[in-house]
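In what follows, a structure is listed as structure tokens, so that the remarks can point back to it.
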Amino acid sequence: MNLNKYLEGKEVFEFNTVKTSEIPFTGKFLKYCEENICGQYNLSWTCPPAVSYIKEQEKIKCGFTDAMVFSCKYDVKDFNDIEQMDIARNKTMDILRETVKEIKRNNIDCLAYGCSSCKICGVCSYPHQPCRFPDDAIVPLEACGINVFELTKKANINYYNGEKTVTFFCVIVFNGGNN
Ligand code: SF4
């Protein structure tokens, strides 16, 4: 599957591949998760403590060779407009989910990491019931300890894209190159 060609047809701003061995991992985000800055700590199957960044790191490094990093950029009138920010974030997650489905349709194994905790269900079944859609639930990049700023440098894509814009990032890890 030519992932570049596929993403060219989507509302993706920039993309590039790196080797999974180049992905910069860090444990420092865990303390932000524990401070519950985003309000999802201990509330989702896709966030700590249900997700261990050490285990995600192992899964990525031991199971996959290549990583596609992509960004979606949106114009923002008001950064305090939570609804608009959520719409933009959800659009990015939709592109990520569609891309993963296409990759899997091509019989390529992959794992995806996104720009927010999973919001598929109104209320997550965590912790009392199993995840309702484990094949579709996606872990945020920060929850698996990926340093997004450093990753954009490795992937040669912009982290900051100018005033009045917001940029969201996603990563898909897979095997077998991109052609
Ligand atoms: S699919 Fe539903 S149950 Fe599973 S992590 Fe997402 S919100 Fe939670």
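So here's what we get for this one:
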item	result
GLU34 surrounded by fewer than 18 Cβ atoms within 10 Å (Cβ to Cβ), acidic (Asp, Glu) and under 23 Å from GLY122 (Cα atoms)	yes
Yes/no for ILE103 being in contact with a strand residue (DSSP E or B) (Cβ under 9 Å, 6 or more places away or on another chain), hydrophobic (A, V, I, L, M, F, W, C) and open to solvent by 10 Å² or more (accessible area, probe 1.4 Å)	no
Among (1) in a helix (DSSP H, G or I); (2) open to solvent by less than 30 Å² (accessible area, probe 1.4 Å); (3) more than 16 Å from the ligand (Cβ to nearest atom); (4) under 19 Å from MET1 (Cα atoms), the one test that GLU98 misses	(2)
Subset of segment 20-37 that is out of contact with any Gly (no Cβ under 8 Å at 6 or more places or on another chain) and of a type in the set (S, T, N, Q) - its residue that is nearest to ASP66 (Cα to Cα)	THR20
Every pair of residues 6+ apart whose Cβ atoms lie under 6 Å, when the first sits in segment 46-73 and is of a type in the set (D, E, K, R) while the second is part of a strand (DSSP E or B)	ASP66/THR17; ASP66/PHE174; LYS73/THR165; LYS73/THR167
Subset of segment 18-44 [touching a residue at least 60 places away in the same chain (Cβ under 8 Å), part of a helix (DSSP H, G or I) and out of contact with any strand residue (DSSP E or B) (no Cβ under 6 Å at 6 or more places or on another chain)]	GLU22, PHE29, LEU30, TYR32, CYS33
Residue within segment 135-158 that is free of Cβ contacts under 8 Å to residues at least 24 places away in the same chain, open to solvent by 30 Å² or more (accessible area, probe 1.4 Å) and within 14 Å of the ligand (Cβ to nearest atom) present	yes
Members of segment 101-121 that are out of contact with any Ser or Thr (no Cβ under 8 Å at 6 or more places or on another chain) and near the ligand (Cβ under 8 Å from one of its atoms)	LYS119, ILE120, CYS121
Flag for ARG132 being within 11 Å of the chain's Cα centre (by Cα), at pLDDT 90 or above, within 25 Å of ASN36 (Cα to Cα) and open to solvent by 30 Å² or more (accessible area, probe 1.4 Å)	no
Odd one out for LYS55 among (1) in contact with a helix residue (DSSP H, G or I) (Cβ under 9 Å, 6 or more places away or on another chain); (2) part of a loop (DSSP other than H, G, I, E, B); (3) surrounded by fewer than 13 Cβ atoms within 10 Å (Cβ to Cβ)	(2)
Selected residue (only one of ASP86, ASP94, ASP66, ASP75 is modelled with pLDDT of 90 or more, of a type in the set (D, E, K, R) and farther than 23 Å from ASN161 by Cα)	ASP66
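The values are calculated or read from the model by the stated rules, or taken from the named source; none is laboratory data. Predicted, not measured: the structure shown is a model, and the values here were computed from it. Ideal geometry is used to build each Cβ from the backbone, glycine not excepted, and the neighbour counts take in all protein chains shown. SASA here: full protein model, heavy atoms, side chains in, ligands and nucleic acids out. Shrake-Rupley method; radii C 1.70, N 1.55, O 1.52, S 1.80 Å.
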